[in-house]
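S.K.: The following block contains the structure, expressed as structure tokens.
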Amino acid sequence: MAVLTAGELFEVAIGIEKNGAGYYDSLSQLAGDSGLKQTYGDLAAMERHHIQVFEGLKTGVSSGAVVPGIDEPEYRAYLQALIDSAVFVNDEVARDLAKRAAGPAEALQLALGAEKDSILFYSEMRSLVPQRERDAVDKIISEERKHVRELSDLKRQYS
């Protein structure tokens, strides 16, 4: 029976943030509007900060620590489905989507989807990490929610 380790959860979270940073970096490079360029750059910086937080949390758990209560194959399959259905499967896909976006509204809609995916995954992850790590995960969830609000406001401006 396959089980998840706390380290694996943090690796997935780090990957999600790296892909998001790549997307926002690409959008920043492509943006003609200086306000959008700055916003995308700020979002990329926040994603990189989240990477550092998750890397720090990962070093605090033993690599073989099994996440309690997650030895059910259905739940692991559910988490894997969340990962597999993410908007940005990897950095290359994220950067390609940024280049192919028809305009700011489409780029922002993709970003909204990615942020929502992140919130869903981190909300599930929160209950699976050691208690001492939950405040950090809560903070990141809160920041991702802020990103959703900011992106939604921006999208309204460009729609």
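S.K.: Using 7 Å Cα-to-Cβ label points, what is the HIS49/ALA81 separation (nm, one decimal)?
M.R.: 3.4 nm
S.K.: Dividing the convex hull volume of the Cα atoms of the chain by its residue count, what figure in Å³ per residue is obtained? Each step should come with its number before you reach the end.
M.R.: Working: hull volume 15.7 nm³, N = 159.
That works out to 98 Å³ per residue.
S.K.: Checking the table LYS99/LYS155; LYS116/LYS139; LYS37/LYS99; LYS99/LYS139 against a 19 Å threshold on Cα-Cα, which pairs fail?
M.R.: From LYS99/LYS155; LYS116/LYS139; LYS37/LYS99; LYS99/LYS139, over 19 Å: LYS99/LYS139.
S.K.: I need the Kirkwood Rh of region 97-151: take the reciprocal of the average 1/r across all distinct C-alpha pairs and report it in angstrom.
M.R.: 12.2 Å
S.K.: What angle, in degrees between 0 and 90 and rounded to the nearest 10, separates the Cα long axis of helix 134-158 from the longest principal axis of the Cα atoms of the chain?
M.R.: Tilt of helix 134-158: around 20 degrees.
S.K.: Once both axes come from the Cα atoms, what is the angle between helix 34-59 and the longest principal axis of the chain, in degrees from 0 to 90, rounded to 10?
M.R.: So the inclination is approximately 10 degrees.
S.K.: Angle check, please: helix 104-126 long axis (alpha carbons) against the longest principal axis of the chain (alpha carbons), in degrees 0 to 90, nearest 10.
M.R.: The angle comes out at about 10 degrees.
Throughout, read-outs are computed from the coordinates displayed, never taken from laboratory work. Keep in mind that this is a model prediction, so the values were computed, not measured. Backbone-built Cβ (ideal geometry, glycine too); neighbour counts: all protein chains shown.
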